[in-house]
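Just below is one structure, and these are the notes that go with it.
The values are calculated or read from the model by the stated rules, or taken from the named source; none is laboratory data. Only a predicted model underlies this, so the values are computations on that prediction, with no experimental measurement involved. Cβ placement follows ideal geometry from the backbone for every residue including glycine, while neighbour counts extend to all protein chains displayed.
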Amino acid sequence: MEARNDEKGLAACYVRQKEALKHYIASRIDRPDEAEDVVQDVFERLWKHKDFISPEAVVSLAYKVARNLMADRQRRYRKENDVWGELFYTQV
């Protein structure tokens, strides 16, 4: 029964925080159009660990997960750009 409450609390957090989190993410990544994807990834990760998250920590944890996912994406994009740059300069 406690897990059901966690599910409801997480779902309620998603409804309340989705737009604010999306705006936060969009303002901090190179590709703001991907903010919705990051939001989905954040709540997917929270959902996987919902049994271990206290209701009081959900919002702050959502922002922490978002920061980590944004950093991961930025590193991946920089790495992709470096690879494309190397390919371009070696072919010229």
Return yes when residue 20 is modelled with pLDDT of 90 or more and surrounded by 14 or more Cβ atoms within 10 Å (Cβ to Cβ) and no when it is not.
no
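Here is a yes/no grid of residues against (1) loosely packed, with under 12 Cβ neighbours inside 10 Å; (2) assigned to a loop (DSSP other than H, G, I, E, B); (3) touching a residue at least 24 places away in the same chain (Cβ under 8 Å):
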residue	(1), (2), (3)
25	no, no, yes
28	no, yes, yes
40	no, no, no
80	yes, no, no
If we ask which residues in the stretch 42-71 are within 13 Å of the chain's Cα centre (by Cα) and buried (at least 17 other Cβ atoms within 10 Å of the Cβ), their number turns out to be 9
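I'm trying to understand the selection: among the residues of the stretch 5-43, which are small (Gly, Ala, Ser) and farther than 17 Å from residue 74 by Cα? It would help to see each step written out before you state the result.
The first filter runs over the stretch 5-43 and keeps only residues small (Gly, Ala, Ser), leaving 9, 11-12, 20, 26-27, 35.
Correct list: 9, 11, 12, 20.
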When you look at residue 74, is it surrounded by 11 or more Cβ atoms within 10 Å (Cβ to Cβ) and either more than 15 Å from residue 39 (Cβ to Cβ) or at pLDDT 90 or above (or both), yes or no?
yes
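What number of residues in the stretch 5-17 are surrounded by fewer than 17 Cβ atoms within 10 Å (Cβ to Cβ) and of a type outside the set (A, V, I, L, M, F, W, C)?
Restricting attention to the stretch 5-17, the residues satisfying the condition of being surrounded by fewer than 17 Cβ atoms within 10 Å (Cβ to Cβ) are 5, 7-9, 11-12, 15-16.
Then drop every residue that is not of a type outside the set (A, V, I, L, M, F, W, C), which leaves 5, 7-9, 16.
Here the count works out to 5.
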